[in-house]
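Asker: Handing you a structure now.
What follows is calculated from the coordinates using simple rules that are stated; it is not laboratory data. Computed from a predicted structure; not experimentally measured. Note: ideal-geometry Cβ built from the backbone for every residue, glycine included; neighbour counts use all protein chains shown.
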Amino acid sequence: MGETQQFDILIAGGTVIDPAGGRNGRFDVGISDGKIAAVEPDLSAAQTVERIDATELLVLPGMIDTHAHVYQHVTGKFGLNPDLVGVRSGVTTLIDQGGPSCMTIGGFRHYVSGPADSRVLCFISCYLVGGLEGHLYPDLYGPNGVNPEHTGRVAKQNLDLIKGIKAHAEIGGQSRWGLEVIKVGKTISRETDLPLYIHLGQLWPTADSAPIPDADELIRELVPIMEAGDILAHPFTRHPGGFVSSTGEIHPILLEAVHERGVTVDVGHGSHFSFDVARKVLAAGVEPFTLGADMHGYNVRVPETADAEERLNNPFAGVAPFNLTIAMSELLHLGVPLERVVAMVTANPAKMIRMEDTLGTLQPGREADVSVLKIESGRFKLSDNSGVEETAERLVRPILCLRGGRRFDADSPFVPPAIAA
Ligand SMILES: [Zn+2]
């Protein structure tokens, strides 16, 4: 006692929501040397170089976007600039889903993850080519385009960056190769002890020569392959082959996997998010564990390549504006309590990538990754790509973040403007 505390930055007067740290209330957060130094109800007696007034703002552990596409340039127009999706949108950690492969992880490390101000990790693609142009050419993604030994070896050599394995279970691939490639993905996942992340919902057109596969059969075959800690993505997709069966019910086998076998669910918002499907899936008792945004060059407007026609003709196109904080706003609007939505972008994704000892909470001593948000009250228009428009009373907006104690304001052009209803 007696000695005046000193901080580089004091985030003062905000509402701290830190599910893993057990805090939800008004706290000051002091930061020194890039680390969280103190979280206390009142640190106003401390000396500080920079004071951020967070009265009326939310202060969260640095947000983690579990589904990013930021292998810029290498994945064609699909990969976005990591810092525009990351720190300049209030998000401190990005997990690229399946951009880099065993052959291209070196470029990802040296040209994306290394230089970015955001923390950039990935789930390595189960396919040799990775996520080029967003998997535009299905023939690259068959059983001839995988090598479990090579991918497993490279994954083990890059565990600081690679936190899981990414593959797709959808009827376009199923019509060509069945679920062969998913089984290879599971082999790599077992071999490396990394979780398997499975995309659900049609991605590719079905093969002309084959009968249109049964999406329900795909789910019945897929789910037994999934183990505790594995992740099913896109539960709210409006495309066939998701959580809702062809007869309109939630597949019982998926409920069992989620409720009894420890398989988790990632929203992976994207352009296929549907309010109607989301209501149905939430009503069935499936709550997502994590909340990736799944933004990429064809579902957000990239200012420097405003080639509208090419964008809209792409199979992955979407026009409804979204990002991670819009996805948070939508879940709030759908009735998920704020603290649980916060857990989906902080504590839970840290667990998903088994980094809960490093990320996802504001405990003193941790690296100072902090997201500062504002919840606006009013009447805001939210929309999805099936044409549904909803009026939300709360809109989550990013204000700034600290990444390792360094401040970034949320000035990214990818933060959609608030639209009055
Ligand atoms: Zn994606």
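Asker: With a sphere of radius 11 Å drawn around the Cβ of Arg23, what net charge do the other residues whose Cβ falls strictly inside it have (Lys, Arg +1; Asp, Glu -1)? Write down the numbers at each step before the final one.
Answerer: Values: positive: Arg26; negative: Asp18, Glu40, Glu339.
Neighbour charge sum, excluding Arg23 itself: -2.
Asker: A further question follows. For segment 62-352, what class follows from the C-alpha gyration tensor (a ≥ b ≥ c being the square roots of its eigenvalues): rounded when a/c is under 1.5, otherwise prolate if a/b is larger than b/c, else oblate?
Answerer: Taking the square roots of the gyration eigenvalues as a ≥ b ≥ c, segment 62-352 is rounded.
Asker: Which entries of Lys186/Lys381; Lys163/Lys381; Lys77/Lys166; Lys35/Lys183; Lys166/Lys280 have Cα-Cα distances beyond 30 Å here?
Answerer: Pairs exceeding 30 Å: Lys186/Lys381; Lys163/Lys381; Lys35/Lys183.
Asker: While we're looking at this one, here's another question. Add +1 for every Lys or Arg and -1 for every Asp or Glu among the other residues with Cβ under 12 Å from the Cβ of Gln97, and state the total. Provide the component values of the computation, followed by the final result.
Answerer: Working: positive: Lys163, Lys166; negative: Asp65, Asp96, Asp266, Asp294.
Spelling it out: positives minus negatives among the neighbours equals -2.
Asker: How much FRET efficiency would the formula 1/(1 + (r/R0)^6) give for Arg26 and Asn144, where r is the Cβ-Cβ distance and R0 is 60 Å, rounded to 0.05?
Answerer: Given R0 = 60 Å and the Cβ-Cβ separation, E is 0.55.
Asker: Could you sort the peptides 276-286, 29-39, 83-93 by per-residue average Cβ neighbour count (10 Å cutoff), highest mean leading?
Answerer: 83-93, 29-39, 276-286
Asker: May I ask for the angle, rounded to the nearest 10°, between helix 148-157 and the longest principal axis of the chain, with both axes built from Cα atoms and the value confined to 0 to 90°?
Answerer: 10
Asker: Just to check I understand the Karplus step: with θ = phi - 60° and J = 6.51 cos²θ - 1.76 cosθ + 1.60, what whole-Hz values come out for segment 261-267, glycine and proline as x?
Answerer: Calculated HN-Hα couplings, in order: 10, x, 6, 10, 10, 10, 4 Hz.
Asker: If R₀ is 25 angstrom, what is the calculated FRET efficiency for the pair Glu50 and Thr358, using the beta carbon separation as r and rounding to 0.05?
Answerer: Numbers: r = 24 Å, r/R0 = 0.98.
Once the sixth-power term is evaluated, E becomes 0.55.
Asker: Which residue, chosen from Phe316, Val244, Ser118, occupies the Cα position most advanced towards the positive end of the dipole of segment 62-352, where the dipole is computed from +1 (Lys, Arg) and -1 (Asp, Glu) charges on Cβ about the Cα centre?
Answerer: Ser118
Asker: Under 15 Å from a point 7 Å along the Cα-to-Cβ line of Asp208: which residues of segment 134-156 have their amide N that close?
Answerer: 138-139
Asker: I would also like to ask the following. What nm value, rounded to one decimal, do you get for the distance between Ile253 and Asp276 when each label is placed 7 Å out toward the C-beta?
Answerer: Here the modelled spin labels are 2.5 nm apart.
Asker: Out of the DSSP beta bridges found with both residues in the chain, what percent are antiparallel (nearest 5)?
Answerer: 55
Asker: Report the extension gain between Glu180 and Asp411 in nm, rounded to one decimal, defined as 0.36 nm multiplied by the number of residues separating them, less their alpha carbon distance.
Answerer: Gain on extension, Glu180 to Asp411, equals 78.8 nm.
Asker: Here's another thing I want to ask about it. Mean residue ellipticity at 222 nm from the helices of the chain, using -39,500 (n - 2.57) per DSSP H segment of n ≥ 4 over the full residue count, to the nearest 500 deg cm²/dmol?
Answerer: That calculation yields -6000 deg cm²/dmol at 222 nm.
Asker: So for the pair Arg340, His110, with labels modelled 7 Å out along Cα→Cβ, what separation do we get in nm?
Answerer: 4.7
Asker: HN-Hα J couplings of segment 404-418 from phi, Karplus 6.51/-1.76/1.60, θ = phi - 60°, integer Hz, Gly and Pro as x?
Answerer: Once θ is set to phi - 60°, the couplings for segment 404-418 become x, x, 9, 8, 10, 7, 7, 10, 5, x, 7, 7, x, x, 5 Hz.
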